[in-house]
Amino acid sequence: MPITLQELAGQCDAKLKGGNPLALIDSAADITAAQAGQVTQLTNAKYARYIKESTATACFVAEDYQPDDAPQQLGLLLCKDTEMSFIKAVRLLHPAQTYRGRIAPQAVIHETVNLGLDIFIGPFAVIGEQAEIGDNSAILPGAYVGNRVKIGKNCVINPYAVIYDDTVIGDNVIIHSGAIIGADGFGYKFRNHAHVKVPQVGNVVINDNVEVGANTCIDRGALGSTVIGLGSKIDNLVQVGHNNKVGKHVIMCGHTGVSGSCTIEDYAILAGSSGIADHVTIGQGAVIMARSGVAGDVPAGAQYFGSPAKDKKTAYREEIAVSKLPELIKKVKLLEEEIRQLKQAD
């Protein structure tokens, strides 16, 4: 539902400068494409050139920003934290889908399931024995929730996600489509020329406010629990092996793979396609840069790059040195030729 520019400013911690306070805002858009009736944001100086010819109705900017070429119709929404104010605007103008308490007749729910208040269960969802689902949670069509699974309040399990037996999920957790939580860890012993499967009898524990991306796999512990800490965010297509302990507010970007029995401490960041060997500790606040392969422990606060990964500064110096090798080889060949000619002259 459209709201006036003045109302938008009031609800997004912003002070309006210029523009028409009564202009209606119906959606948010990128600064390169925003049009009349839309609000946008300017958070990076390299995009400032788009302000001059923008047809947007409003733009969130830092409170100390003073553009001299803003169009007359463009209302500037001055704020302390441009990104957070814009997020509020997006949520206001594009409210998230809500699911009212309803259980589809096509859902398969075991008689021992314990359901909270205002639960949504979509068609062809399956809920196993002794499962528990907290108030206001939604199990969307085709999702599978196994036996003795516990799901907290205000959770969303998206279509075709699979939650294996004994998984424990906290409040405000989002599991996206195709994610598989609690499959067997990859554990084998080689005996008599064959791989013997190690029984995987642990579970997965996901704490509050975690989001797990589409087609991500989090394996159950072999004996204990694989744990995902409070507020951590896991991207699509991530593999988290068995027995891992992931701390609070960790970020794991797409295509990351974490082998078994690792410890990822609070606030660490694993960038895209990074790989972590088994029994490794990534220290608090450490950053593993994209496409890095980590074979040993990483200190808290460090930034590691490369494969095998090492301190970023060291890795960069080595990369620069490698880039100079062709020139160095050419110089060596010239020197060898000069030496050869000197020997012949003697």
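Read-outs throughout are calculated quantities, based only on the coordinates presented, and are distinct from any laboratory measurement. Everything numeric here is computed off the predicted structure, so don't read it as measured data. Backbone-built Cβ (ideal geometry, glycine too); neighbour counts: all protein chains shown.
The figures follow:
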quantity: Furthest towards positive pole of dipole, Ala321, Thr256, Leu92, structure part the chain, Cβ charges; calculated: Ala321
quantity: Whole-number percent relative contact order across the chain, with pairs defined as alpha carbons under 8 Å at least 6 apart; calculated: 6
quantity: Per-residue ³J(HN,Hα) for segment 43-59, Karplus 6.51 cos²θ - 1.76 cosθ + 1.60, θ = phi - 60°, Hz, x for Gly and Pro; calculated: 10, 9, 4, 5, 9, 4, 5, 6, 5, 4, 10, 5, 9, 5, 7, 8, 8
quantity: For the chain, alpha-carbon Rg over 2.2 N^0.38 Å; calculated: 1.34
quantity: Å³ per residue enclosed by the Cα convex hull of segment 3-93; calculated: 75
quantity: Protection proxy ranking of 28-39, 185-196 - average other beta-carbon atoms within 10 Å, highest first; calculated: 28-39, 185-196
quantity: Whole-number D in µm²/s for segment 148-204 (Stokes-Einstein; Kirkwood sum over Cα pairs; 20 °C, 1.002 mPa s); calculated: 165
quantity: Calculated over segment 168-283: convex hull of Cα atoms, volume per residue (Å³); calculated: 87
quantity: Inter-probe distance in nm under a simple model that places probes 7 Å from Cα toward Cβ, at Asp26 and Ala183; calculated: 4.4
quantity: Computed over segment 28-170, Cα set: Rg, Dmax in Å; calculated: 22.5, 67
quantity: Dipole magnitude (debye, nearest 20) for segment 102-313, charges at Cβ of Lys, Arg, Asp, Glu; calculated: 640
quantity: Estimated dipole of segment 183-268 in Debye, rounded to 20 [Cβ of Lys and Arg +1, of Asp and Glu -1, Cα centre]; calculated: 400
quantity: Entries of Lys189/Lys245; Lys150/Lys189; Lys17/Lys88; Lys17/Lys80; Lys189/Lys312; Lys46/Lys313 with Cα pairs more than 25 Å apart; calculated: Lys150/Lys189; Lys189/Lys312; Lys46/Lys313
